[in-house]
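Worksheet for the structure shown next.
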Amino acid sequence: MIGTLLVANRGEIACRIFRTCQELGIRTVAVHSDADADALHTRVADMAVRLPGAAPADTYLRADLVVKAAVTAGADAVHPGYGFLSENAGFARAVQDAGLVWIGPPPEAVEAMASKTRAKELMGLAPLPADAVTEADLPVLVKAAAGGGGRGMRVVRRLEDLKAALDGARAEAASAFGDGEVFVEPYLEHGRHVEVQILADTHGTVWPLGTRDCSLQRRHQKVVEEAPAPALSARLRDELRTLAVRAARSVAYVGAGTVEFLVADGRAHFLEMNTRLQVEHPVTEAVFGLDLVAEQIRVAEGAALAPEPPPARGHAVEARLYAEDPATDWTPQTGTLHRLAVPEGVRLDTGYADGDEIGVHYDPMLAKVVAHAPTRAEAIRTLAGALERATLHGPVTNRDLLVRSLRHEEFTSARMDTGFYDRHLTDLTAAAPDPYAPLAAALADATRAGSRLGLGGWRNLPSQPHTKRYAVAGEETEVGYTYGRTGLTAEGVQVVHADPALVVLEIDGVRRRFEVARYGDQVHVNTTTLTALPRFPDPEAQHAPGSLLAPMPGTVVKLAEGLITGSSVRAGEPLLWLEAMKMQHVISAPAAGTLTELHVGQGQQVEVGTLLAVVESSRPQGREAASTGGSAA
């Protein structure tokens, strides 16, 4: 029996595995980089071991350090989680060679399926040779052979873009998985991403645990997942389960795994087999009433599965909360997560606690929120409502996008496909912020100031209204209020109540509550985030037109070939690449013109807002400002 288990991972998945271990009475060991020294997964584990020497982004890829940590801590088993080394056969063998139990499939099965190119060959398919791609093959998808999560993936629609896509995908894959091998396959524009969860024991039993739909994706990374996959014919469901079991048996699979398909025109196209636990496993757990981590551990201990899996009940939907701004090309966000809370009735899996820092080194996923209900419609409604009422204080997140996505008619009617955000992102991110949020923030600030000074804030002579300035969704706004003998008043509304944390306004006969929280200059009013601005702007803080600012902290990994001060550039031309959170982001010229300033070089680390370069437009600019291109390389 396993007594002490080390999780070779971090964040949400480490915390989730530790939770099951604690329920089973198993002692837990965390590993961490220097950047993660005080991360939540290190705090909830019974023991934590520092992985020395490697850069934060590469620490969890050091198999030798992880195995040494397990031996040092006295662990007798290792669970790899997902990502990092979870599909690395060499790591699995190293764990076993050290006399430890590997919570996963045999290394031979990992080796056969972890490389997507070999997996396709095993299923009787073959990738498209990169040097043989022609116009007739387009569009194609460049894909990392070892790993997933959208890293090392590029869609190519023009033949002249293939080389850059291959180079970028190789660099990203090497950074994320320690393996730069990529391959090319046809890209199906309007397919659905459907997968089958499997669980197999050492006695020959393989459970196909239903289907999942993961079609809502950004940058080929899943955002919303559900089980079972809706709107599939009985024939197609049976075919998917049969193919999944066949894939598992072909490599004598043991443990939890997932076989992924693209479904188009009623046909299933094999994509890959992931020889690990998936991020979206909670929806399957909800529907089948299982703890897949507990089952993984039992299987690793030699236990036999029942001949048939338990029956499926109801429907489950999961949404991934990311610290990112979908309106600015999914730009990752960093900073302090002041508060994260969801209403009762949904499951929250997270690797963060209130007050934790969201750094630049790792994936920006904050949490997974899961709803389970008797029907799909009820599960969707429950999840959308919970996300809408969730408290999220900190960096910008994709919460509003998730709520609108879940309520979009294309999703509720199960007509979505992997191109959902290509079609709808602009509309889903275009909703205006609450127009009364700035006023509520100003009134809360006024009561805070009055309480601090011990004054009511009123004046005994008539005066102009007080004013406050805020930035909301990139726009500046100014609001006014009066603080007199009768208290706070504002034009067009009745102030029913105001204190630093709660403002109640009556608007056209309807009372509305505004919960307010302030952290420095950042103000959260219900689901709207504002930045308090000084009354008088600092003229030295303004940037010249054409200034390119870093949209996130990161490392400059590449400059455009031959780029120097004085270079002529085209509108939209890539100038430099930033790497943050294992993803590369291209910074492009905002307009045609001349590069008049270049402030960074390859390998340089920058903070958000750092001035990278200045492009002087060849045409007069009608408005001040420049921005980053921000699209994925």
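Each reported figure results from applying straightforward, stated rules to the coordinates on display, with no laboratory input. These numbers come from a predicted model, not from an experiment. Note that we place each Cβ from the backbone using ideal geometry, even for glycine, and neighbour counts take in every protein chain shown.
Taking the Cα centre of the chain as origin and assigning +1 to Lys and Arg Cβ atoms and -1 to Asp and Glu Cβ atoms, the resulting dipole is close to 900 debye. Between the helical axis of 376-389 and the longest alpha-carbon principal axis of the chain there is an angle of about 40 degrees.
Taking every DSSP beta bridge that has both ends in the chain, the antiparallel portion is near 90%. Largest first and in whole Å, the equivalent-ellipsoid semi-axes of region 462-614 read 44, 17, 13, each the square root of five times a Cα gyration tensor eigenvalue. Among 469-479, 237-247, 97-107, sorting by the average number of other beta carbon atoms lying within 10 angstrom of each residue, highest first, gives 97-107, 237-247, 469-479. Note on Asp38 and Arg513: the model spin-label points, each 7 Å out from Cα along the C-beta direction, lie 3.3 nm apart. Using the alpha carbons alone, the radius of gyration of region 4-103 stands to its Kirkwood radius in an Rg to Rh ratio of 0.92. Peptide packing for 275-281, 584-590 was compared via the average number of neighbouring C-beta atoms within 10 Å per residue; ordered from the highest value, the list is 275-281, 584-590.
Angle between the Cα long axis of helix 11-24 and the longest principal axis of the chain, 0 to 90 degrees, nearest 10? With rounding to tens, the tilt is 60 degrees.
Classified by the C-alpha gyration tensor, region 127-186 has a prolate form. Its axis ratio a/c, with a ≥ b ≥ c, is 1.5 or above, and a/b is larger than b/c. Centre-to-centre separation between the Cα atoms of region 466-486 and those of region 209-236: 45 Å.
Normalising the average separation of contacting C-alpha pairs (under 8 angstrom, six or more residues apart) by the number of residues puts the relative contact order of region 294-406 at 35 percent. Label point of Glu378 set 7 angstrom out along Cα-Cβ; within region 263-305, amide nitrogens under 19 Å from it belong to 283-290.
When you count the other C-beta atoms within 10 angstrom of each residue and take the mean per peptide, 546-553, 505-512, 404-411 line up highest first as 546-553, 404-411, 505-512.
Volume of the convex hull of region 288-358 (Cα atoms only), normalised per residue: 171 Å³. Against the chain, whose longest principal axis comes from its Cα atoms, helix 162-177 is set at around 80 degrees. Site pair Gln605 and Asp58 shows an inter-label distance of 1.4 nm when each label is modelled 7 Å from Cα along Cα→Cβ.
Electrostatic bookkeeping for Val504 treats Lys and Arg as +1 and Asp and Glu as -1; over the other residues with beta carbon under 12 Å from its beta carbon, the sum is 0.
Within region 437-533, the ratio Rg/Rh, alpha carbon atoms throughout and Rh by Kirkwood, equals 0.94. Residue pairs exceeding 29 angstrom between C-alpha atoms, taken from Lys120/Lys163; Lys116/Lys222; Lys116/Lys163; Lys368/Lys468; Lys222/Lys558: Lys368/Lys468.
Across q = 0.31, 0.32 Å⁻¹, region 555-606 modelled as identical point scatterers on its alpha-carbon atoms has Debye log10 I(q)/I(0) values of -1.27, -1.31, in the order of the q list. The distance between label points at Arg570 and Lys163 comes to 1.5 nm (points 7 Å beyond Cα on the Cα→Cβ vector).
Taking each DSSP H run with n ≥ 4 as -39500 (n - 2.57) and averaging over every residue of the chain yields -7500 deg cm²/dmol at 222 nm.
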